[in-house]
Every structure is written in structure tokens, then in C-alpha cells.
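Undergrad: I have a structure I would like to understand better, so I am pasting it below and will then ask my questions one at a time.
The values are calculated or read from the model by the stated rules, or taken from the named source; none is laboratory data. Owing to the predicted nature of the structure, the values given are computational and were not obtained by experimental measurement. In this analysis, Cβ positions are derived from the backbone assuming ideal geometry, glycine residues included, and neighbour counts consider all displayed protein chains.
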Amino acid sequence: MSDIYSHDSYTIERVYPNCVAHVWAAWSIPEKKAKWFGGGTADMDFRIGGGERTSFRNEMGEHINETRYFEIRNEELIVLGYSMAMNGRVHTVSLTTIAFMNENGGTRLRYTEQMCVLPPSDGAAGRSHGWGVLLDNLGNYLEEDTAANAGAMRA
């Protein structure tokens, strides 16, 4: 590991009871993604070559995420690159692959991130913690969305 940079990676998997189309919609439709993506999204352009920009504040300061989509295969795969900056200084730059797989009528989601860490940074530990929370938020959103749609169908 260098004092000026390091490389790291991690993978998170989740299995959701919802079909792939439902999980995919939660990633690809800006209004749906805003409901689970930690404060929402801004300027989301979900297409190859498109991107999005998000920001949030916490006790450490202002965090900005800038994303570019490199590959999108409907209901199968998203490949994106993104940077995370805190208080105006980029501290991680990542290549991320998100795979959507049918699993007994539900969805196995595999999130893999490879990153260049520019110290000081919370690096892979910070990114994997944050994405773990976001993927849990996604599960909660899918559960609430399913219940709301079931209620609307009974009405």
C-alpha cells in the first residue's frame, strides 16, 4: 500500500423476495430510486453514458457522489463508475458492477466495487458499510412498495 493511494474491493449480496423486474425498477426509475437511496438522487440520467449526482451532509461535512453509467443490460447488469468527495476533496474513485439474477422468483443482487482510495479516507470499510445500509433501505422500500401495490389492488 502506498501512502498516496491504495486499491481495494468488496462484494455484497442480497436476496430480495421481489421479482427482478421490481428490483430493477427500483434502480432504474428516478422516482423509485429516490425513495431508498439515502436522501434521493439529483440529475439522474439512467442510460449508457448518462449519470447522476447525489449529495448529503453529516457530522463530517458535505459528501458528493458523481456517477457515470458505462453498461446497462435491462434487468441483468449495471456497470458504473463513481467518485466520492468530502468537503470538496475526492477520496475514492470506483468501478462498480451490479448484477440482478432470478432466484426462485425473487432476485439475487450482487454488488461488487473495485476502488482507488486516496487517503485520508474510510475506504472500502466506509463504502461497504454505506452500501450495506442502502441495500437494506432498498429491501425496506421493496417491502413497502409491494404492500402498497397489494392494498391498491384490493381497493
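Undergrad: Quick one: in the range 99-155, of everything that is farther than 20 Å from Ser83 by Cα and assigned to a loop (DSSP other than H, G, I, E, B), which residue is farthest from the chain's Cα centre (by Cα)?
TA: Here the answer is Ala155.
Undergrad: Answer with yes or no whether Arg14 is within 13 Å of the chain's Cα centre (by Cα) and among the basic types (Lys, Arg). Break it down stepwise before answering.
TA: Details: within 13 Å of the chain's Cα centre (by Cα): yes; among the basic types (Lys, Arg): yes.
Judged against the criteria, Arg14 is a match.
Undergrad: Also: Could you list, ordered by first residue, the pairs with Cβ atoms under 7 Å in which the first is in the range 120-142 and farther than 16 Å from Leu95 by Cβ and the second is in a helix (DSSP H, G or I) and not polar (S, T, N, Q), at least 6 apart or interchain?
TA: Going by the 7 Å Cβ cut-off, the qualifying pairs are Leu138/Ala26; Tyr141/Ala26; Leu142/His22; Leu142/Val23; Leu142/Ala26.
Undergrad: Restrict the check to the range 114-122 and report whether at least one residue is buried (at least 17 other Cβ atoms within 10 Å of the Cβ) and within 18 Å of Trp27 (Cα to Cα).
TA: So far as the range 114-122 goes, no, none of its residues is buried (at least 17 other Cβ atoms within 10 Å of the Cβ) and within 18 Å of Trp27 (Cα to Cα).
Undergrad: Given the conditions (1) of a type in the set (Asp, Glu); (2) free of Cβ contacts under 8 Å to residues at least 60 places away in the same chain; (3) closer than 14 Å to Asp8 by Cα, which single one is not true for Glu113?
TA: (2)
Undergrad: So Glu52 fits all but one of (1) modelled with pLDDT of 95 or more; (2) in a strand (DSSP E or B); what number is the exception?
TA: (1) is the only condition that Glu52 fails.
Undergrad: Exactly one of these conditions fails for Tyr69: (1) closer than 26 Å to Asn18 by Cβ; (2) more than 13 Å from the chain's Cα centre (by Cα); (3) not polar (S, T, N, Q). Give me its number.
TA: Tallying (1) closer than 26 Å to Asn18 by Cβ; (2) more than 13 Å from the chain's Cα centre (by Cα); (3) not polar (S, T, N, Q), Tyr69 fails exactly one: (2).
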